[in-house]
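Data block below; observations after.
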């Protein structure tokens with residue numbers, strides 16, 4: 001049922017490099033296979049300057065191409081086949097309730113539905129859909145619609161080809177990320193990115209709601225910059241290494257920063273609650289048994305504890321390396337440090353093995 005969207009554009013190869021191009025960084029991961037055991041082969045992260053990608057659009061193709069070339073050279077990627085992720089504002093995902101109809105009728109109905117959610121002609125978007133089950137009444141079905149603009153997909157695939165790789169598939173971020181989990185069938189996954197946070201609710205392993213909220217790591221960094229009167233780089237380091245949402249610090253600036261970040265996460269919590277409440281109103285049988293945090297913005301100290309109590313659910317930091325065999329040549333402490341940023345890229349590479 002779900003294979004249509006998992007095979008969003010093209011069929012994948014077994015040995016691939018996963019490429020996750022976000023607003024703030026490019027992440028790549030290559031996995032080799034020892035029978036059915038995925039083994040980490042290579043990985044890399046390269047930060048992107050401002051104005052390369054914004055709002056799901058590539059504004060500097062040459063700059064992005066040059067950075068990707070450098071990253072591939074630095075990481076010694078050997079595979080020529082690539083799977084690319086699309087997400088954030090570059091992707092539309094909606095659950096639709098439609099009358100029961102034939103596949104041919106559904107294909108046409110989806111085109112009409114697409115017009116309701118995008119301010120552009122439907123033929124300017126790639127789209128796919130999957131029937132997820134019956135609706136609340138017998139004559140209805142639930143359908144998940146996923147769409148992405150031609151311009152973004154064509155630009156990204158062209159860049160990947162220009163650096164000497166063969167793009168074999170486009171995947172959507174929540175599906176790629178889910179591939180790295182072992183126990184998330186009825187879970188909420190919160191991916192805190194640079195500009196956006198993506199909230200995905202899975203039921204029986206199927207994403208029933210995907211929502212982007214305009215709160216991400218950059219907003220946290222800006223809060224720290226303003227209060228501490230420091231540079232963006234210094235604020236980023238302080239955010240990852242020193243800010244603790246539960247500790248008291250004798251420094252006036254540190255405590256003011258903590259208070260401002262608490263306001264940020266209060267707003268964040270409201271959006272998470274709204275997402276759950278909205279879906280529960282329409283799906284009374286929905287059950288969420290845990291929440292996982294991932295993404296570069298999730299690395300605030302004690303964030304798990306801070307969110308767990310008000311959400312009244314167990315909250316965990318996700319380890320995207322959990323399915324992989326890690327060779328001794330890799331620095332385990334470095335992998336632990338960058339793990340939250342690599343979930344999507346790892347999931348893309350895992351898809352190469354049919355996982």
Tell me, please, whether a residue that is touching a residue at least 60 places away in the same chain (Cβ under 8 Å), surrounded by fewer than 23 Cβ atoms within 10 Å (Cβ to Cβ), in a helix (DSSP H, G or I) and not assigned by TED's automatic domain parsing to the domain that holds residue 39 can be found in the range 335-345. no
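Results for (1) in a helix (DSSP H, G or I); (2) within 24 Å of residue 338 (Cβ to Cβ); (3) at pLDDT below 85; (4) not assigned by TED's automatic domain parsing to the domain that holds residue 311, shown as yes or no for each residue.
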| site | (1), (2), (3), (4) |
| --- | --- |
| 221 | yes, yes, no, no |
| 249 | no, no, yes, no |
| 255 | yes, no, yes, no |
| 266 | yes, no, no, no |
| 280 | yes, no, yes, no |
Residue set 99, 121; condition farther than 30 Å from residue 280 by Cβ and outside the structural domain of residue 18 (by TED's automatic domain parsing); output residue 121
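Is it the case that residue 32 is crowded, with 19+ Cβ neighbours inside 10 Å, out of contact with any helix residue (DSSP H, G or I) (no Cβ under 7 Å at 6 or more places or on another chain) and modelled with pLDDT of 90 or more? Full working, then the answer.
Numbers: crowded, with 19+ Cβ neighbours inside 10 Å: yes; out of contact with any helix residue (DSSP H, G or I) (no Cβ under 7 Å at 6 or more places or on another chain): yes; modelled with pLDDT of 90 or more: yes.
When the stated conditions are applied, residue 32 passes them.
What about residue 287, is it closer than 19 Å to residue 181 by Cβ and modelled with pLDDT under 85?
So residue 287 passes the test.
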Filter the range 289-303 down to the residues that are more than 17 Å from residue 336 (Cβ to Cβ) and surrounded by fewer than 21 Cβ atoms within 10 Å (Cβ to Cβ) and list them by number. 289, 290
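Buried (at least 21 other Cβ atoms within 10 Å of the Cβ), in contact with a strand residue (DSSP E or B) (Cβ under 7 Å, 6 or more places away or on another chain), over 29 Å from residue 97 (Cβ atoms) and not assigned by TED's automatic domain parsing to the domain that holds residue 307: is that true of residue 166 in this structure? Write out each step before concluding.
Numbers: buried (at least 21 other Cβ atoms within 10 Å of the Cβ): no; in contact with a strand residue (DSSP E or B) (Cβ under 7 Å, 6 or more places away or on another chain): yes; over 29 Å from residue 97 (Cβ atoms): yes; not assigned by TED's automatic domain parsing to the domain that holds residue 307: yes.
So residue 166 fails the test.
The values are calculated or read from the model by the stated rules, or taken from the named source; none is laboratory data. In this text the structure is predicted, and so the values were computed from the model without any measurement. No Cβ is skipped: glycine too gets one built from the backbone with ideal geometry, and neighbour counts run over all protein chains shown.
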